[in-house]
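Asks: Attaching a single structure in structure tokens format; questions to follow.
What follows draws every value from the coordinates through simple rules; no lab data is involved. Because the structure is predicted, anything quoted here is derived from the model rather than measured. A quick note on method: Cβ atoms are made from the backbone with ideal geometry, for glycine too, and the neighbour counts reach across all protein chains shown.
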Amino acid sequence: MRTEKGQPGYVKARKQKYLLGAVVEFAIVIAIFVTGYIQTGSRLNLLTVVAVVGCLPAAKMLVEFITMAPYESIEEAKYQELEEKAPLILKAYDMIITSSQKIMPLDAVVVSGHIVCGYASNPKTDETALARHIKDILKDNHYDKMTVKIFHDYTAFLARAEGMNNMAEVEQKRIFTERKKDPEDYLKHFHVED
């Protein structure tokens, strides 16, 4: 099963994919080079050119692996706890946010209404810079008046997520009770002549 963006385990799956891809592609490059060398007895042949050109996609895969290597997926226990305590709000996991200055990993993010909260376990992540960057991205996409808060403390993040979930639950109940009116309330607007 393929792990999609925003799902837990995404970073781990991508690292495995990039590493496997780089190893396979470099193995193919080496095999092509060795085949050309064995056939001609010299490295000056057409297969050497093919092998050199084949290094480009292999190197690209290796660079993508190296870029993601320092980052980890969210712990399974934290993922389960967040899913259990905040089932009504939108959640995304294993995100790596890049700005022009920094690469900032974000383990989890929850969204409800105009509030966005994130959890970054990596101590190198600058909370204020990440929050400002996310707010700028939202503003560029016409989501104005959004509140963005990033936490390094998982307990504080979980408490905020629970609070957001409680607000979403109250809002759902309010909408449900508004819709659950007496059918005669709707019919009184119609006048039927005899």
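Asks: Just the residues that are among the acidic types (Asp, Glu) and touching a residue at least 24 places away in the same chain (Cβ under 8 Å), please, taken from region 135-170. Write out each step before concluding.
Replies: Filtering region 135-170 down to residues among the acidic types (Asp, Glu) leaves 136, 140, 144, 153, 162, 169.
Matches in region 135-170: Glu162, Glu169.
Asks: Follow-up question, since we're still on this one. Would you tally the residues in region 129-163 being of a type outside the set (D, E, K, R), out of contact with any Cys (no Cβ under 9 Å at 6 or more places or on another chain) and more than 17 Å from Ile97 (Cβ to Cβ)? Please lay out each step first, then the result.
Replies: Taking region 129-163 first, the residues of a type outside the set (D, E, K, R) are 129-131, 133-134, 137-138, 141-143, 146-148, 150-152, 154-159, 161, 163.
If we keep only those that are out of contact with any Cys (no Cβ under 9 Å at 6 or more places or on another chain) as well, we get 129-131, 133-134, 137-138, 141-143, 146, 152, 154-156, 158-159, 163.
Next, only the ones that are more than 17 Å from Ile97 (Cβ to Cβ) stay: 142, 154-156, 158-159, 163.
Within region 129-163, residues that are of a type outside the set (D, E, K, R), out of contact with any Cys (no Cβ under 9 Å at 6 or more places or on another chain) and more than 17 Å from Ile97 (Cβ to Cβ) number 7.
Asks: A further question follows. Could you list, in sequence order, the residues of region 127-137 that are buried (at least 17 other Cβ atoms within 10 Å of the Cβ) and either aliphatic (A, V, I, L, M) or assigned to a loop (DSSP other than H, G, I, E, B) (or both)?
Replies: Residues satisfying the conditions are Leu130, Ala131, Ile134.
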